[in-house]
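The values are calculated or read from the model by the stated rules, or taken from the named source; none is laboratory data. Keep in mind it's a predicted model, so treat the numbers as computed, not measured. Reconstructed Cβ throughout: ideal geometry from the backbone, glycine too, with neighbour counts over all protein chains shown. Please note that ligands, DNA and RNA were not included when accessible areas were found on the heavy atoms of the full protein model with its side chains. Shrake-Rupley method; radii C 1.70, N 1.55, O 1.52, S 1.80 Å.
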Amino acid sequence: MGADHGETVLQKPISEYAQYIKNLIPANIPGTYALKPMFENIAGEEKIRDGIAAFRDFLYVFCDRLISDGHAYAKPQRTKNPANYPFLHDLNYLLIDIGYHGKLAGDGGSISVADIPSFADPKPKLSAPKQTECLRFLRLCGFAFTGIDLEKKARIISQVLPAEVSYPANPILLTGLKALSIAAKELWVRFYNTADNLFRCDYRVLKAEDTDVFDVLKDFLHPLPKKIQTFALELHRRYTDRGMTCVTLNDEAVHFAYSYTKNSRRTLSTRDIYQQRIWEFALSMQYGYCLVVRSKRIDKHPDVIKGFPLPLQERIARGYGCDRKLYNAPCQGGCQGIRIPLDDSILPISRDIETWLDHETPGSSGK
């Protein structure tokens, strides 16, 4: 499920990863929603909601700064995981530590920080220069650090605490950071060691009521052209109405996975449902937006496949599996399924894809 398939590759510039993160920022946060009781000691619900919206707006600034200046802080490296950017990992956990361990001032205009465990002595995770680099980049994005002189020789952050952290352009952001950091520590489920949870601004986990997965999918698809959004949402409705279960999962990619679980004799976890997926929508740094199908019934409906356009027939006939074992080729994530880009090329074959998925779905009319 992770991106590490054993191949060492050169990462894309961090500016391109910043655009990937930007696509995941929630575009439509509702104006009102009830919060879980665990957040009531931070501030009133309206202030927390405003703070989360402010943090979302900060993330656009953050990504734009990564696009324009990130090359000075993070160089592409050769790695087995092209989505692993240590600089982002460090920034993520620095912000979480500030929000989680810091104390909001009475008016919410600053956070007093006496402890940052991720960077603390005697064995800080980052060297002093790297710690200073992180703070300087956050300053570039609008944060201010009173009590830490970022112009002096780099020092371990814990040696210059306590300090005051503020965001002068929109102080209510700090309330949002506090709430999201608590959610990161106590509520977010991690299936793999992903570094960008805070940067996704996953406010939904703070809500008292669950969010309909249809609304989450709409937000996920928002950067795509309207016709492609409509096609994807219609597929979602078509197969959830037919009894399929859709689960969302984040690792180095984002997944909306569809499984047929009605015949299961036990309670299935999100991981279980994902592993039984028949198809999914996925977004990754490496492949972009895709429809990915784990076809298992090709031999049961060959006449249907023959009616598809030749390029789709050939792609289905090739099947899926380990690229190295099946095709003696470098890993392209072929074990994940048959990957079809969610771009304009999918629209002319949209009805063929529906027919194909109908015949792959147990219990459907195409069985």
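The residues of the range 133-169 that are among the polar types (S, T, N, Q) and either in a helix (DSSP H, G or I) or surrounded by fewer than 17 Cβ atoms within 10 Å (Cβ to Cβ) (or both), listed by number, are Thr146, Ser158, Gln159.
Taken as a whole, the condition of being open to solvent by 40 Å² or more (accessible area, probe 1.4 Å) and either modelled with pLDDT under 95 or not acidic (Asp, Glu) (or both) does not apply to Ala43.
So that you can scan it fast, the table gives a plain yes or no per residue for (1) touching a residue at least 40 places away in the same chain (Cβ under 8 Å); (2) closer than 19 Å to Val205 by Cβ; (3) not assigned by the TED database to the domain that holds Asp219:
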position: Pro26; (1), (2), (3): yes, yes, yes
position: Pro30; (1), (2), (3): no, yes, yes
position: Ile42; (1), (2), (3): yes, yes, yes
position: Cys63; (1), (2), (3): yes, no, yes
position: Phe87; (1), (2), (3): yes, no, yes
position: Gly99; (1), (2), (3): yes, yes, yes
position: Lys123; (1), (2), (3): no, no, yes
position: Ser127; (1), (2), (3): no, no, yes
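Selection of the range 8-32 for residues being open to solvent by less than 50 Å² (accessible area, probe 1.4 Å) and among the polar types (S, T, N, Q) yields Gln11, Ser15, Asn23. Of the residues making up the range 211-252, those that are more than 23 Å from Ser264 (Cβ to Cβ), open to solvent by 50 Å² or more (accessible area, probe 1.4 Å) and among the charged types (D, E, K, R) number 5. Of the residues making up the range 105-134, those that are modelled with pLDDT of 85 or more, of a type in the set (Val, Ile, Thr) and closer than 15 Å to Tyr93 by Cα are Val113, Thr132.
Of the residues contained in the range 294-305, none is found to be at pLDDT 90 or above and open to solvent by less than 30 Å² (accessible area, probe 1.4 Å). Selection of first residues in the range 221-239 that are farther than 12 Å from Leu347 by Cβ and of second residues that are among the polar types (S, T, N, Q) and modelled with pLDDT of 95 or more, restricted to Cβ pairs under 7 Å at least 6 apart or on distinct chains, gives the following pairs, ordered by first then second residue: Leu221/Gln229. What number of residues in the range 107-123 are closer than 20 Å to Gln159 by Cβ and open to solvent by 40 Å² or more (accessible area, probe 1.4 Å)? Residues flagged as closer than 20 Å to Gln159 by Cβ and open to solvent by 40 Å² or more (accessible area, probe 1.4 Å) within the range 107-123 amount to 7. The residues of the range 253-272 that are crowded, with 20+ Cβ neighbours inside 10 Å and over 13 Å from the mean Cα position of the chain (by Cα), listed by number, are Ala257, Tyr258, Ser259, Tyr260. Residues in the range 68-87 that are under 13 Å from Phe137 (Cβ atoms), of a type in the set (A, V, I, L, M) and either surrounded by 17 or more Cβ atoms within 10 Å (Cβ to Cβ) or under 18 Å from the mean Cα position of the chain (by Cα) (or both): Ala74 alone. Does Leu104 satisfy being crowded, with 20+ Cβ neighbours inside 10 Å and of a type in the set (A, V, I, L, M)? Taking the combined requirement at face value, the residue does not satisfy it. Only residues in the range 286-306 that are assigned by the TED database to the domain that holds Pro225 count as the first member; pair them with residues that are in a helix (DSSP H, G or I) and open to solvent by 60 Å² or more (accessible area, probe 1.4 Å), Cβ under 9 angstrom, at least 6 apart or cross-chain, and list the lot. If the second residue must be in a helix (DSSP H, G or I) and open to solvent by 60 Å² or more (accessible area, probe 1.4 Å), the pairs left are Ile298/Ala317; Ile305/Ala317.
When Thr8 is tested against (1) farther than 26 Å from Thr270 by Cα; (2) out of contact with any strand residue (DSSP E or B) (no Cβ under 7 Å at 6 or more places or on another chain); (3) of a type in the set (Val, Ile, Thr); (4) at pLDDT below 95, only condition (2) is not met.
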